[in-house]
1. Could you say which residue among Pro37, Pro55, Pro25 is at pLDDT 95 or above, surrounded by fewer than 15 Cβ atoms within 10 Å (Cβ to Cβ) and either not in a helix (DSSP H, G or I) or not charged (D, E, K, R) (or both)?
2. Before we move on, is Leu294 of a type in the set (A, V, I, L, M, F, W, C) and surrounded by 21 or more Cβ atoms within 10 Å (Cβ to Cβ)?
3. Which fully enclosed helices (runs of 4 or more DSSP H) of the stretch 279-369 have 2 or more residues being touching a residue at least 60 places away in the same chain (Cβ under 8 Å)?
4. I need the full set of residues from the stretch 177-214 which are surrounded by fewer than 20 Cβ atoms within 10 Å (Cβ to Cβ), within 16 Å of Trp226 (Cα to Cα) and acidic (Asp, Glu), in order please.
5. Can you go through Gly110, Gly35 and tell me which one is small (Gly, Ala, Ser), in contact (Cβ under 8 Å) with a residue 24 or more places away in the chain and out of contact with any helix residue (DSSP H, G or I) (no Cβ under 7 Å at 6 or more places or on another chain)?
6. Could you grab me the full set of residues in the stretch 249-276 that are crowded, with 22+ Cβ neighbours inside 10 Å and in contact (Cβ under 8 Å) with a residue 60 or more places away in the chain?
7. Take the stretch 246-280 and flag every residue that is under 25 Å from Val325 (Cα atoms) and touching a Phe, Trp or Tyr at 6+ places or on another chain (Cβ under 7 Å).
8. Pairs please, first residue from the stretch 189-207 and free of Cβ contacts under 8 Å to residues at least 12 places away in the same chain and within 22 Å of Ala245 (Cβ to Cβ), second anywhere and surrounded by 15 or more Cβ atoms within 10 Å (Cβ to Cβ) and of a type in the set (Phe, Trp, Tyr), Cβ atoms under 8 Å, 6+ apart in sequence or on different chains.
Amino acid sequence: MFKYTVLFCSLLFCEMSWGQDKPEPVIPVRGFCIGVPKPAKLDQFVAFINDELAPRKVNTLILRVDYNYQYESHPELRDSTALSKEDVKKIVTVCRKNGIKIIPQINLLGHQSWAGKTGNLLKVYPQFDETPWIQMPQNYSWPNSDSLYCKSYCPLHPEVHKIVFALVDELCDVFETDAFHAGMDEVFYIGTDKCPRCSGKDKAELFAGEVTTIRNHLAAQNRTLWIWGDRLIDGKTTSIGIWEASGNGTYRAVDLIPRDVVICDWHYERAEQTPVYFAMKGLKVVTCTWKKPLVAKMQYEDLLKFKERSSWDMGQRFLGLMQTVWTDAGTFMDGFNAKQLDETGGTNTPWNCFIQLFDEINGNAIVKM
């Protein structure tokens with residue numbers, strides 16, 4: 001009799017609990033990712049942080065810096081026009097005032113070139129090139145006979161980390177941050193057959209090894225590594241493809257990397273369900289959107305659903321959402337201020353997506369096309 005009484009009381013408690021209002025879900029990361037401005041646009045960007053990001057309760061700012069900083073450790077890698085330490089401190093000050101965490105980024109491993117242009121690292125240190133026999137074309141097109149998208153550095157070159165870690169440390173110090181974003185997306189060249197160090201090695205192990213090497217360097221200084229998540233997804237099984245997922249076998253690295261690496265899971269055409277995949281692997285994940293407000297709305301709704309329907313531990317791994325911008329800050333601010341339309345005369349633009357996404361998060365409006 002006692003056990004039936006306990007069962008009845010338990011069911012009654014559950015029924016009463018279901019009828020209660022649930023607290024609003026906590027979204028720890030309300031992020032914005034953009035390329036740092038050139039010096040001429042710096043003051044405008046500082047004002048944008050104060051007047052546009054802060055009122056929308058953005059609390060995480062990923063700044064794609066790469067070589068747009070006047071590095072003292074390796075001045076040979078600076079862009080011709082780059083931010084000074086004083087410029088950076090203006091960004092640090094306005095972010096601190098508004099409670100915004102800064103996470104600087106340098107593209108590591110992949111994205112060492114773009115179209116027909118080699119990036120500063122391989123331009124100055126060509127010995128780090130994973131594929132030195134592939135020449136940069138004058139007129140880039142895809143597809144091409146070399147399967148060239150972006151160059152990579154060789155993760156096993158004995159001197160590469162001494163150089164890049166000096167930049168990473170200097171950037172984290174000047175931005176006064178305990179986190180760093182290493183990029184690591186869209187890596188097509190890794191473990192190539194002609195590389196004297198990488199040939200014959202497992203691509204997943206090579207990728208995981210580089211993630212772990214970077215993570216361990218940061219962890220020694222109590223800093224956290226963030227990366228894009230596409231190379232950790234099986235592009236064939238999911239049918240997501242070779243851009244937003246891996247087509248060269250690196251996806252198995254998801255089981256080999258440290259569990260404290262934060263994954264930025266970007267999908268721009270559909271609201272893929274891969275945040276659940278990363279959370280089930282024990283990794284913290286931030287959902288990333290770009291320029292389609294309807295997709296961003298679905299991603300936000302999914303985030304709430306994932307948190308609500310998961311166990312407490314797993315639910316904490318869904319950290320939040322991030323608006324990504326794939327231009328520098330100056331170009332974005334121009335489009336934002338002009339309310340510029342997309343190429344079809346529509347509103348699928350990064351600035352409109354940003355406005356509508358954060359209106360939705362902050363409960364001010366319904367996302368519209």
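The values are calculated or read from the model by the stated rules, or taken from the named source; none is laboratory data. As the structure is a prediction and not an experimental result, all values here were calculated from the model. All Cβ positions, glycine included, derive from the backbone under ideal geometry; neighbour counts span all protein chains shown.
1. The match here is Pro55.
2. Here the answer is no, as Leu294 does not meet what is asked.
3. 293-309, 329-338, 350-361
4. Within the stretch 177-214, Asp178, Asp185, Glu186 meet the criteria.
5. Gly110
6. Once the filter is applied, which keeps residues that are crowded, with 22+ Cβ neighbours inside 10 Å and in contact (Cβ under 8 Å) with a residue 60 or more places away in the chain, the stretch 249-276 yields Thr250, Cys264.
7. Those that are under 25 Å from Val325 (Cα atoms) and touching a Phe, Trp or Tyr at 6+ places or on another chain (Cβ under 7 Å): Val262, Ile263, Cys264, Asp265, Trp266, Tyr268, Pro275, Val276, Ala279.
8. From residues that are free of Cβ contacts under 8 Å to residues at least 12 places away in the same chain and within 22 Å of Ala245 (Cβ to Cβ), there are no pairs.
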